[in-house]
Amino acid sequence: MQLSSEIVDTPPRMAATVILLRQAQAGLEVFLLQRHRASDVLGGLYVFPGGKVDPADATPATHALLDQPVDALHQALHEPDISPATAASLYVAALREAFEECGVLLAHTAQGQPVNPAEVVARLRDGQPFGTALAQLGVQLHTRALLPWSRWITPRMPSLEMNKRFDTRFFVAAVPNNQIALHDNFEATASVWLTPRAALAQYWAGQVALAPPQIMTLAHLAPHADVASVFAAARHRAPPSVLPEPFDQDGQRVICYPGDPRHPVPERAWPGPTRLVFRNRRFEPEQGFEALFG
């Protein structure tokens, strides 16, 4: 993992990410994809499925496929500064990216019946756009399967080598029992299900590489014993908005978060550390591994 001090002045691109969850014998597990090493955004790192909002995600025709009114989705995001149509496009992007990147289709028929993802895949291979394929199959996007979890905005100095900034909404969702999440062998080259603590332990041991938003999100999820607990937390709070503040101190890169003395937002976004320090070729809390868990 290499640090960068480059300043990126382009406006953040709207994006959406889905934290896919499942209940396993080991407890709550999270799905992580390893991005292709040639990617210009977090190449080689393990991330949650996601990507930028495409123009087609914002069309009235695509929004007609949603199983909730756009006003309800706008209200769920707790972001009065964006329009209902923008909120809806974020939900569409999250659902589309989950399908494109790992094959999980959160959708149903108008009668509430599950949809075979293979039918959608076949139409996409024939060149149909995602929304067109769903419309012809009479499918609705299952927005109720998504719950807003957080909002992350890339700072002007991203710290990791990347030439883009993103304004990303993180959603949580459970993988349906009849579906299997798997990397696409194109944008992602590997995938794994891990408990949040195990994912962080592998990061600490140098077995997987994680970016700071994934580190902090996994730490935030770690106290939850099951999917129901995560969903309950998501329903009973507004998703925190996080614009990290990076700075250099004593020759080390530090990233601070809401609640830290160096951050302009005084209220904490979550329990646990309010800053990460780059040392030992990784981002870590000043007090060590256990500090991730508050």
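The values are calculated or read from the model by the stated rules, or taken from the named source; none is laboratory data. Please read all numbers here as calculations on a predicted model, not as lab measurements. For neighbour counting, all protein chains shown are included, and Cβ atoms are generated from backbone atoms with ideal geometry for every residue, glycine included. We work out accessible area using only protein heavy atoms, side chains counted, and drop any ligands, DNA or RNA first. Shrake-Rupley method; radii C 1.70, N 1.55, O 1.52, S 1.80 Å.
Here is how the numbers come out for the structure above:
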| item | result |
| --- | --- |
| Most positive-pole-ward Cα, Pro114, Leu210, Phe170, against dipole of the stretch 107-237 from beta carbon charges | Phe170 |
| DSSP-defined beta bridges in the chain - what % are antiparallel, rounded to 5 | 75 percent |
| Accessible surface, the stretch 1-91, averaged per residue in Å² (probe 1.4 Å) | 47 Å² |
| Intensity falloff of the stretch 125-191 expressed as log10 I(q)/I(0), Debye formula with alpha-carbon point scatterers, at q = 0.15, 0.27 Å⁻¹ | -0.89, -1.13 |
| Once exposed loop trypsin sites (Lys or Arg not before Pro) are cut out (DSSP; at most 16 other Cβ, 10 Å), longest piece of the chain | 38-155 |
| Candidates Gln113, Gln128, Gln179, ranked by Gaussian network fluctuation over the chain, Cα under 10 Å, top entry | Gln113 |
| Kirkwood Rh and Cα Rg combined as Rg over Rh, evaluated for the chain | 0.95 |
| Potential lengthening between Leu3 and His236 on full extension [0.36 nm per residue; Cα-Cα distance subtracted] | 80.2 nm |
| Quotient of Cα Rg and 2.2 N^0.38 Å for the stretch 163-294, N being how many residues it contains | 1.13 |
| Listed residues Ile153, Ile7, Ile180, Ile215 arranged by accessible area, highest first, probe 1.4 Å | Ile180, Ile7, Ile153, Ile215 |
| Carbon plus sulfur fraction of accessible area for the stretch 30-128, probe 1.4 Å, in percent | 54 percent |
| Quotient of C-alpha Rg and 2.2 N^0.38 Å, computed over the stretch 154-224 | 1.27 |
| Leading residue at positive end of dipole, the chain (Cβ point charges), from Thr189, Ala85, Ala56 | Thr189 |
| Kirkwood-Stokes translational diffusion coefficient of the stretch 91-162, alpha-carbon pairs, 4 °C, 1.567 mPa s, µm²/s | 94 µm²/s |
| The stretch 173-234, accessible area per residue, ligands and nucleic acids excluded (1.4 Å, Å²) | 43 Å² |
| Largest to smallest accessible area among His36, His78, His263 [probe 1.4 Å] | His78, His36, His263 |
| ³J(HN,Hα) computed for each position of the stretch 153-168 - Karplus, 6.51 cos²θ - 1.76 cosθ + 1.60, integer Hz, glycine/proline x | 10, 5, x, 5, 10, x, 6, 8, 5, 6, 10, 10, 10, 9, 10, 10 |
| Whole-percent carbon and sulfur share, accessible surface of the stretch 157-281, 1.4 Å | 52 percent |
| Choice from Val230, Val121, Val104 with maximal GNM fluctuation in the chain (Cα, 10 Å cutoff) | Val121 |
| Of Gly131, Gly50, Gly112, the one that fluctuates the most in a GNM where the chain has Cα springs shorter than 10 Å | Gly112 |
| Overall Cα dimensions of the stretch 57-212, principal axis frame, Å, largest first | 47, 37, 28 |
| With DNA, RNA and ligands ignored, accessible area of Glu286 (1.4 Å probe; Å², nearest 10) | 80 Å² |
| Ala135 paired with Gln68, simple spin-label distance in nm, labels 7 Å along Cα-to-beta-carbon | 2.3 nm |
| P(r) of the stretch 44-102 over all Cα-Cα pairs, binned every 10 Å from zero, in whole percent | 23, 50, 22, 4 |
| Simple label model, 7 Å out from Cα along Cβ direction - Leu182 to Ala225, nm | 3.4 nm |
| Per-q log10 I(q)/I(0), the stretch 1-91, q = 0.22, 0.24, 0.25 Å⁻¹ (Debye; single scatterer per alpha-carbon; no solvent) | -1.13, -1.18, -1.21 |
